[in-house]
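A.B. asks: I'd like to ask some things about the structure below.
The values are calculated or read from the model by the stated rules, or taken from the named source; none is laboratory data. Worth saying up front: this structure is predicted, and the values here are computed from it rather than measured. Glycine gets a Cβ as well: all are built from the backbone with ideal geometry, and neighbour counts include every protein chain shown. In case anyone asks, the SASA skips ligands and DNA or RNA and just uses the protein heavy atoms, side chains included. Shrake-Rupley method; radii C 1.70, N 1.55, O 1.52, S 1.80 Å.
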Amino acid sequence: VCKPGIVTVIVYSFLNLYNTFLWPYILLTDPEKYTMSVKMYEINQRMQYQSNWVGLCAAIIIGLIPSIVFYFSMQKQVQEGMTLGALKG
């Protein structure tokens with residue numbers, strides 16, 4: 001009964017942790033260890049001095065792929081978890 005709710009919490013927690021920006025931006029000093037969101041910010045800051053729209057779009061798509069794959073693999077459980085207590089009858 002509680003499986004869809006737990007899966008929903010796991011999916012939202014994964015997406016929240018995957019998109020974390022401020023904590024890694026403050027603590028990480030080595031560019032090799034930057035998270036995806038910090039790398040995207042770094043690419044965006046470089047766009048002030050040079051135009052590389054193809055690279056930026058490629059980075060955005062590559063950054064979206066894990067979130068989309070994870071969500072679609074758990075889509076049924078997420079929908080069941082969100083509608084579990086909302087149905088009347």
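A.B. asks: Please indicate, with yes or no, whether at least one residue in the range 12-21 is more than 12 Å from the chain's Cα centre (by Cα), on the phi < 0 side of the Ramachandran plot and among the hydrophobic types (A, V, I, L, M, F, W, C).
C.D. replies: Scanning the range 12-21 turns up no residue that is more than 12 Å from the chain's Cα centre (by Cα), on the phi < 0 side of the Ramachandran plot and among the hydrophobic types (A, V, I, L, M, F, W, C).
A.B. asks: Next up: Can you name the residue in the range 14-55 that is under 30 Å from residue 78 (Cβ atoms) and free of Cβ contacts under 8 Å to residues at least 12 places away in the same chain and is also most open to solvent (accessible area, probe 1.4 Å) among such residues?
C.D. replies: Here the answer is 23.
A.B. asks: While we're on this one: Return the only residue of 51, 13, 37, 67 being assigned to a loop (DSSP other than H, G, I, E, B) and among the small types (Gly, Ala, Ser).
C.D. replies: Step by step, each of 51, 13, 37, 67 is checked, and only 51 is assigned to a loop (DSSP other than H, G, I, E, B) and among the small types (Gly, Ala, Ser).
A.B. asks: Next up: Read through the list (1) open to solvent by less than 50 Å² (accessible area, probe 1.4 Å); (2) without any contact (Cβ under 8 Å) to a residue 24 or more places away in the chain; (3) part of a helix (DSSP H, G or I), then give the number of the only condition that residue 8 fails.
C.D. replies: (2)
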